[in-house]
Amino acid sequence: MDAKKIALLASFADELAAAPEAQRMNLFLDLHRKMRQSNLVFSSEERDLLFSILTENLSPDSRKKAEMIRRLAGQFPPNFEKSAAGKDIRGI
């Protein structure tokens, strides 16, 4: 794995470990933003590995929710986002 990806993930892991559970989703969104800004893209193998690591200690119900979100996110092209009003927002 690229050194920049490893550094970003190490920083993310430190932030995640220190954050209360209620703030963790914001950290994931922030990670996504940082990746876009740095033009970092994980391969499908890297994403599968990261998903397995991030969900290994979740309850079965939480893991099921995470898998559903993962499947839904895979249905959209990269950099596709929608605002709350449903309008396309690209390159945010």
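The values are calculated or read from the model by the stated rules, or taken from the named source; none is laboratory data. Keep in mind that what you see is a predicted model, and the values were worked out from it rather than measured. In this analysis, Cβ positions are derived from the backbone assuming ideal geometry, glycine residues included, and neighbour counts consider all displayed protein chains. Surface accessibility is based on the protein's heavy atoms, side chains included, excluding ligands, DNA and RNA. Shrake-Rupley method; radii C 1.70, N 1.55, O 1.52, S 1.80 Å.
Looking at Lys5, is it out of contact with any strand residue (DSSP E or B) (no Cβ under 7 Å at 6 or more places or on another chain), in contact (Cβ under 8 Å) with a residue 12 or more places away in the chain and either of a type in the set (Ser, Thr, Tyr) or open to solvent by 50 Å² or more (accessible area, probe 1.4 Å) (or both)?
So Lys5 does not fit the description; no.
Within the stretch 24-71, take every residue that is over 19 Å from Ile6 (Cβ atoms) and polar (S, T, N, Q) and give me the one that is least open to solvent (accessible area, probe 1.4 Å).
Residue satisfying both the conditions and the ranking: Thr55.
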